[in-house]
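Asks: Let me begin by handing over the structure; questions about it come next.
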């Protein structure tokens, strides 16, 4: 039971750090417009092959609906962060038919004129599979777009995971959150262990899911408030019992750290960074399972 309590406490701290890292990642993504750039790359992959002109892509980006999606909170953005499948289909058909009547014959004629062979072949294949039904063809185009965007989301997550790893290491250093040291501290201090356990149990009991959706874009104000709550409340509450930070009494100022001490601490920071890069949903799901296991064992 003691080992389970230690693991729960450690996972709870990693969860808080992961939530903070994700929050900072959102700020970075918003500042660098990573989501918009990723969407533009996906659209280019769909609408403009490397050996074809970019006429359709440029027409798509100049469409009134697409431009409207580029505005948020009264400020123009270089690219929208999200275009729904229905909006994509509407814009694409408007371009292909040049605002004319939408019927299968006119669509086929427009497709056969496309210079982008990849785009033409894909759309003609979807058209042939639509059983001469316009609504079915539209649905297939939307499904194709969703499949492409699922892959684009995977690309985005892969690219941002590297940034999240760097943020995780920076947080580990800033909070002096050494996973190895935290584990040892929880094992040696029963009072700290029970305090962190109580925090973890309350955290899980008060919510069925994460306190915010880590997969969706949020406003800058909500991101700042989220970061403030995590730092000033949750992490601050855990700082004292765990001795987190650089003003900890655990570091004897009269006995400076040697080479091996620093090496082990850096290793602990790296472990923390790697753990944080796994993401808050992973740690939250694991924490819920372990808390439930402990509750069941205690009541048995």
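Asks: Of everything in segment 256-283, what is modelled with pLDDT under 90, out of contact with any helix residue (DSSP H, G or I) (no Cβ under 6 Å at 6 or more places or on another chain), surrounded by 12 or more Cβ atoms within 10 Å (Cβ to Cβ) and assigned to a helix (DSSP H, G or I)? Give them in sequence order.
Replies: Passing the criteria: 261, 281.
Asks: Quick check: anything in segment 292-299 modelled with pLDDT under 90, surrounded by 13 or more Cβ atoms within 10 Å (Cβ to Cβ) and more than 20 Å from residue 165 (Cβ to Cβ)?
Replies: Within segment 292-299, one or more residues are modelled with pLDDT under 90, surrounded by 13 or more Cβ atoms within 10 Å (Cβ to Cβ) and more than 20 Å from residue 165 (Cβ to Cβ).
Asks: Within segment 119-165, track down each residue that is surrounded by 14 or more Cβ atoms within 10 Å (Cβ to Cβ) and outside any helix (DSSP H, G or I).
Replies: 130
Asks: Are there any pairs with C-beta distances below 7 angstrom linking a residue in segment 242-264 that is over 22 Å from residue 6 (Cβ atoms) to a residue that is assigned to a loop (DSSP other than H, G, I, E, B) and modelled with pLDDT of 75 or more, with the two at least 6 apart or on different chains, and if so which?
Replies: As it stands, the answer is 246/176, since those pairs meet every condition given.
Asks: Within segment 182-203, which residues are more than 13 Å from residue 241 (Cα to Cα) and surrounded by 18 or more Cβ atoms within 10 Å (Cβ to Cβ)?
Replies: 200, 203
Asks: Being modelled with pLDDT under 75, in a loop (DSSP other than H, G, I, E, B), under 23 Å from residue 167 (Cα atoms) and under 20 Å from the mean Cα position of the chain (by Cα) narrows it down to one of 229, 214, so name that one. Write out each step before concluding.
Replies: Details: 229 fails: in a loop (DSSP other than H, G, I, E, B).
When all the criteria are applied, what remains is 214.
The values are calculated or read from the model by the stated rules, or taken from the named source; none is laboratory data. No experiment lies behind these values; they were computed from the predicted model shown. Here the Cβ is made from the backbone with ideal geometry for all residues, glycine too, and neighbour counts use every protein chain on show.
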